[in-house]
């Protein structure tokens, strides 16, 4: 007779609420390269966190969502089994119009955190396994001078980082190339250098300071290829798929992108047209890990690499860490890291015992069930939805 497994009682969701975190400290302001002319405040805390409670006493957490959507989320989830994840992801995507752009990803992350806790496994084990240790790259925030970027890269290398990503859309191509040249001189041949042109950003709320045409993109890509850069990210507008495919075919260096694409269909078209060699979906733009996992399979089917966008720092980045740890075709985890104001550790400072980059440039996914992290005690300032 086949062995009989013990029956497990169903877990049901009993409540969904939002936690408003206290601001622990203000860090300062920076002008992100992708938002020229805008100043962004960086702080530790102040986040909204999704919390999903169950009748088993297990609680899942994820990034927050727009508070006015709380009744919609509750209607979708209360009384449901968190293990019905595909049904929940479909509802978040299709039934709550506009929700994916206002926080569905955070709900999906919290559901997966619950699933990991129900199964008593860290998410990277549920998603494919491995040792949980992945190579991180330090992703810059501001468009800085070549000299400053050389100093930055050398400091990162001294701390153990093996890879950095530079923002490149100076007024002249010569400045972009000089930035890479000085970084290469400062770090030698061992540092992996990725580059980001930030040309796929939207134009509805702001205008990028410098827009590349195809020739600027092609000339830059060829020069970066000769300097053995690891990739060039988003060198043309978001949906310029035909020109991107031409550019991708013209250079050996991988062309990467996709962080602002909101649907699986966008990525399918990219793959069919051979637009990018490296897909960079953003879990907080799509419906969290549920959709990213499918994109990972799709990328593998087309023999492409996948390297998710940074995940918004905090719990979103922790979810990305588990995903990258589970994918054999994901070479790096992106960590926004531009000290002092935008040090990656500030994004994790709302967590107890968060993961850190080690002296060899690796970061290890938490081994406890689910996301494997907890919020700091006494950091919750307000509860929305009790």
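For the ranges 235-243, 377-385, 104-112, 185-193, what's the packing order if you count other beta-carbon atoms within 10 Å of each residue, average per peptide, and put the highest first?
Put in order of decreasing packing, that is 104-112, 235-243, 185-193, 377-385.
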Taking neighbour Cβ counts within 10 Å as the exposure measure, how do 304, 165, 20 sort from fewest upward? 20, 304, 165
Just to be sure I understand: with springs between alpha-carbon atoms less than 10 Å apart, which residue in 376, 336, 279 has the highest mean-square fluctuation in the Gaussian network model of the chain? 376
Just from the alpha-carbon atoms, what are the Rg and Dmax of the stretch 125-374 in angstroms? 17.2, 49
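Please say if the stretch 96-239 is rounded, prolate or oblate, where rounded means a/c under 1.5 for a ≥ b ≥ c the square roots of the C-alpha gyration tensor eigenvalues, and otherwise the choice is prolate for a/b larger than b/c and oblate otherwise?
oblate
Once Rh is set to the Kirkwood radius over Cα pairs, what Stokes-Einstein translational diffusion coefficient, in µm²/s, holds for the stretch 101-149 at a temperature of 25 °C and a viscosity of 0.890 mPa s?
Reported coefficient: 173 µm²/s.
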What list do you get for 73, 13, 85 if you sort them by fewest beta carbons within 10 Å? 85, 13, 73
Could you tell me what % of all Cα pairs in the stretch 168-308 have separations over 24 Å? 31
Under a crude label model (7 Å from the Cα following the beta-carbon direction), how far is residue 300 from residue 173 in nanometres? 3.9
To test your reading of the geometry: what angle, between 0 and 90 degrees and rounded to tens, separates the Cα axis of helix 146-159 from the longest principal axis of the chain? 50
What FRET efficiency, computed as 1/(1 + (r/R0)^6) with R0 = 22 Å and r the Cβ-Cβ distance, is obtained for residue 364 and residue 119, rounded to the nearest 0.05? 0.65
Run the numbers for residue 226 and residue 243: contour at 0.36 nm per residue of separation, minus the present Cα-Cα distance, in nm. 4.0 nm
Using 0.36 nm times the number of residues separating residue 87 and residue 15, minus their current alpha carbon distance, what extension gain do you get? 24.1 nm
Stretched out fully, how many nm does the piece from residue 59 to residue 38 gain, at 0.36 nm a residue minus the Cα gap? 3.8 nm
Build a GNM of the chain with springs between Cα atoms under 10 Å: which of 18, 168, 76 gets the top mean-square fluctuation? 76
If we count other beta carbons within 10 Å of each Cβ, what is the order of 322, 310, 337, 329, fewest first? 329, 310, 337, 322
Helix-only CD estimate at 222 nm, as mean residue ellipticity for the chain, using -39500 (n - 2.57) per DSSP H run (n ≥ 4): -10000 deg cm²/dmol
Once the Cα atoms of helix 288-301 and of the chain are each reduced to a long axis, what angle between those two axes, in degrees from 0 to 90 to the nearest 10, is obtained? 50
Against the longest alpha carbon principal axis of the chain, how many degrees, from 0 to 90 and to the nearest 10, is the axis of helix 104-119 turned? 60
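Only bridges whose two residues both fall in the chain count here: according to DSSP, what percent of them are antiparallel, nearest 5?
Looking only at bridges with both residues in the chain, the antiparallel portion is about 55 percent.
Could you tell me the calculated FRET efficiency between residue 181 and residue 263, based on Cβ-Cβ distance and R0 = 41 angstrom, to the nearest 0.05?
Using R0 = 41 Å, I get an efficiency of 0.60.
Any read-out appearing in this document is the output of simple, stated calculations on the displayed coordinates, not a laboratory observation. Owing to the predicted nature of the structure, the values given are computational and were not obtained by experimental measurement. Virtual Cβ from ideal backbone geometry, glycine too; neighbours counted across all protein chains shown.
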